[in-house]
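Student: One structure is given below, represented as structure tokens, and several questions about it will come after.
The values are calculated or read from the model by the stated rules, or taken from the named source; none is laboratory data. Keep in mind that this is a model prediction, so the values were computed, not measured. Methodologically, a virtual Cβ is constructed for each residue, glycine included, from the backbone with ideal geometry; neighbour enumeration extends over all protein chains shown.
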Amino acid sequence: MTTSTESPSPGAEARLIERIRQGERELFHDLIRPYERSVYLAAYSVLRNEADAEDVAQEAILKAMTHVGELRADSKFKVWLLSITYNEAKMRRRKDHKHLYESVDEPDEGGEEGEFMPRQFADWREIPSEALERKEVREAVARALEKLPERHREIFLLRDVQHLDVAETAAALGISAPAVKTRLHRARLQMREELAPFFKKGWRDRIPFGKGKKPW
Amino acid sequence: MVSCQDVLRELSNFVDGEVDPALRAEIEEHLKGCHRCSVLVDSTHKVLYVVGDERVFTVPVGYSERLHQRIDQGLGRK
């Protein structure tokens, strides 16, 4: 697959959106490509079932396509898109009345089944020796995320996986910036607790920065 | 002087670079002499580094293809 998942520059994206508004609707394929993965992850973080997540991801993206003309000039497409996705996913969950989903206010029981991402699926390009190593990492991260309460998980995904800033995360979820920060703090502490034992088993040397030289 | 509790409380802001310079300097000073807090900060950075690569998450095989087919249908194509 040769599709780009790099985020375009804001200017390029704005021009793309303008062209779509002007009638070149097939360009929506290009607009959505960098975000399609994020949309799936957002939907999955709420629904935790890959078939439902994919279905909701498609619905959210089609909705965005229909309404892209209504996107305000000062809104960021990604934030708007993820906001639609969360709304769709939560509506779907409500509609389905699935008792197996956790309450928003209660920590997940966690543990037994249903990892955050299904293991048998793979859609990435890496050299095989690294892929094996990555599989370990993926599974550990998936297990750790699965244990987070939903309201922490969604914040963690938006901030630390999808790199939205605090204001954007707040906007996408319709909550306040202080709430984002509080939940993020707890989420990070819990993720660290879950994943720290992993570091002892040799990640230390594989991560390409040393103390004091962080990539951010 | 900041305590270990202070570091814990500010951890998230600290890794985001969102503490004011004076507090940041105090925390950094504390980290030099506190192994526990230094491990705490270091391992938090590592977690963020690892999850920050979106490839660590997988999507269903064929997801992208199916999605773009749906978009085509939405655009009125087959």
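Student: Take the residues in the range A:146-167 that are of a type outside the set (A, V, I, L, M) and assigned to a loop (DSSP other than H, G, I, E, B); name whichever of them is farthest from the other protein chains (Cβ to nearest Cβ).
Tutor: A:P149
Student: Please work out which residue is farthest from the chain's Cα centre (by Cα), limiting yourself to the range B:15-40 and to residues that are assigned to a loop (DSSP other than H, G, I, E, B) and within 26 Å of A:I155 (Cβ to Cβ).
Tutor: My answer is B:D20.
Student: Considering only the range B:41-54, state which residues are assigned to a loop (DSSP other than H, G, I, E, B) and facing chain A (nearest Cβ under 7 Å).
Tutor: Selection gives B:G52 alone.
Student: Continuing with this model, one more query. Give me the residue from the range B:55-67 that is within 7 Å of chain A (Cβ to nearest Cβ) and surrounded by fewer than 17 Cβ atoms within 10 Å (Cβ to Cβ) and, out of that set, farthest from B:S12 (Cα to Cα).
Tutor: B:V61
Student: Return yes or no: is A:L62 modelled with pLDDT of 90 or more, in a helix (DSSP H, G or I) and more than 16 Å from the chain's Cα centre (by Cα)?
Tutor: Judged against the criteria, A:L62 is a match.
Student: Still on this structure, I have one more. Could you say which residue among A:L157, A:L195, A:L173, A:L164 is touching an Asp or Glu at 6+ places or on another chain (Cβ under 9 Å) and modelled with pLDDT of 50 or more?
Tutor: Being touching an Asp or Glu at 6+ places or on another chain (Cβ under 9 Å) and modelled with pLDDT of 50 or more holds for just one of A:L157, A:L195, A:L173, A:L164, which is A:L173.
Student: B:V61 - would you say it is in a helix (DSSP H, G or I) and on the phi < 0 side of the Ramachandran plot?
Tutor: no
Student: Okay, moving on. Test of understanding: among A:R72, A:R37, A:R25, which residue is under 23 Å from B:D53 (Cβ atoms) and either of a type in the set (K, R) or more than 8 Å from chain B (Cβ to nearest Cβ) (or both)?
Tutor: On inspection, the qualifying residue turns out to be A:R37.
Student: Continuing with this model, one more query. Is at least one residue of the range B:19-30 at the interface with chain A (Cβ under 9 Å from one of its Cβ atoms) and without any contact (Cβ under 8 Å) to a residue 24 or more places away in the chain?
Tutor: no
Student: Another question, then. Going by what's in this entry, would A:R183 be described as at the interface with chain B (Cβ under 9 Å from one of its Cβ atoms) and either within 24 Å of B:V41 (Cβ to Cβ) or modelled with pLDDT of 90 or more (or both)?
Tutor: Answer is no for this residue.
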